[in-house]
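The values are calculated or read from the model by the stated rules, or taken from the named source; none is laboratory data. Since we're looking at a predicted model, the values are computed, not measured. All Cβ positions, even for glycine, are placed from backbone atoms using ideal geometry, and neighbour counts span all protein chains on display.
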There are 4 protein chains.
Amino acid sequence: MAPRPPSQGLSTPSTWHCQHILGGHRSWVRAVAVSADGQIIASGSGDRTVKLWSLATGELLHTLSGHTSWVRAIAFAPGSDTLVSGSWDGTVRVWQETDGADGLDGPYLA
Amino acid sequence: MAPRPPSQGLSTPSTWHCQHILGGHRSWVRAVAVSADGQIIASGSGDRTVKLWSLATGELLHTLSGHTSWVRAIAFAPGSDTLVSGSWDGTVRVWQETDGADGLDGPYLA
Amino acid sequence: MAPRPPSQGLSTPSTWHCQHILGGHRSWVRAVAVSADGQIIASGSGDRTVKLWSLATGELLHTLSGHTSWVRAIAFAPGSDTLVSGSWDGTVRVWQETDGADGLDGPYLA
Amino acid sequence: MAPRPPSQGLSTPSTWHCQHILGGHRSWVRAVAVSADGQIIASGSGDRTVKLWSLATGELLHTLSGHTSWVRAIAFAPGSDTLVSGSWDGTVRVWQETDGADGLDGPYLA
């Protein structure tokens, strides 16, 4: 029986598949980020919103509205509960997570 | 009384709200970054400046002037006290924090 | 014999060379990312695909197809086995690694 | 004597100044990155090169040539001795540091 060749990093048989297609934006997506805890995906779009998605389930969690033009840059702050977005409208917005007990300010829900 | 379903990551009732709108740039923002200590937001703009903001308060801390064209790329160095910016003017600039005792070179103050 | 001057960071004689040229995309590459374990390079292209490459060998590991327009943004999730891509087609796709035993869904192989 | 107000993050008197202007590229800079050890700045330019600079001294360390069109994306791999660049020419290039003893392949020196 021939000896198995030594494993060379990722050339062992693995593959990648598309786990989720996150649809809902009405225009291009040019910025994506993943929170440090690996749970949330953020996407910035030409539709002037940022959307937050569950990485595990692909579910749309929230649509962050307010920018008046394209969202071109996004970044999570360390800690995963703050997101920063930069827009063609010349502003930067800081978005923060609030737990359910603190109030559900409806306009930001998906 | 029905048992509560198990928590599934972020599908528990949480929401996100806009904590701060950082206004002041006179043109688009196409680059944002957050320092490793989570205290500073940096934004690069078509107005040829980089602005630094307090993530906690939304206050404009400094406006970094010098680039002669659009600022298209920014990155914090590990450690949070050095920022690098790349511009349409063909240069890269390295910005560093100085504590108050070392001199307040006025042009970089907001 | 003159004493050797103290080493000053990277001004000691080092150099950089091109280890691999990763060819295969049929259009521009405007997004690159490296997985946290340093093994995989991901590239997003105007040819509507994401390609995954072995950083060590330069080998093309997989071509991730499905986006119907340019891929403009990519990010690895913490942990290196999930990749997120954003496209001009308005969608975000979540790609995950499957080990060989779980099935080789051919369309995503390079 | 009035008590000093409590420190509020970065609103204590600090300032930022431009430590280095890194000139040398012959076209725009749209991608910058800093190595994990904080020593090297990499910049990708419309002049088809990547340049590496000392963050501490501002010195140009190397010019990485080879791409045949604009360099639009760069990323350091974890570990700081490997850099990945993506270009309008459709290729991704992997650049690695070699210590001086292993050979000085001149074309990549600045």
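Being facing another protein chain (nearest Cβ under 7 Å) and either assigned to a loop (DSSP other than H, G, I, E, B) or at pLDDT below 95 (or both) is true of B:SER27.
Considering the range C:81-90, and only residues there that are under 16 Å from the mean Cα position of the chain (by Cα) and hydrophobic (A, V, I, L, M, F, W, C), the residue that is nearest to A:ARG72 (Cα to Cα) turns out to be C:VAL84. Does D:ARG72 qualify as being over 11 Å from the mean Cα position of the chain (by Cα) and in a strand (DSSP E or B)? So D:ARG72 passes the test.
Which of the residues that make up the range B:78-92 are more than 13 Å from B:ILE41 (Cα to Cα) and touching a Leu at 6+ places or on another chain (Cβ under 7 Å)? B:THR91, B:VAL92 - these are the residues of the range B:78-92 that are more than 13 Å from B:ILE41 (Cα to Cα) and touching a Leu at 6+ places or on another chain (Cβ under 7 Å).
Filtering the range D:34-55 to residues that are on the phi > 0 side of the Ramachandran plot and either in a strand (DSSP E or B) or more than 7 Å from every other protein chain (Cβ to nearest Cβ) (or both) leaves only D:ARG48. Would you pick out the residues in the range A:11-32 that are buried (at least 22 other Cβ atoms within 10 Å of the Cβ) and aliphatic (A, V, I, L, M)? Correct list: A:LEU22, A:VAL29, A:ALA31, A:VAL32. Restricting attention to the range D:56-80 and to residues that are without any contact (Cβ under 8 Å) to a residue 24 or more places away in the chain and either within 9 Å of chain C (Cβ to nearest Cβ) or within 22 Å of C:ILE74 (Cβ to Cβ) (or both), the residue that is surrounded by the fewest Cβ atoms within 10 Å (Cβ to Cβ) turns out to be D:SER69. So which residues in the range B:81-110 are within 7 Å of another protein chain (Cβ to nearest Cβ), at pLDDT 95 or above and part of a loop (DSSP other than H, G, I, E, B), if there are any at all? Listed by number, the residues that qualify are B:TRP88, B:GLY90, B:THR91.
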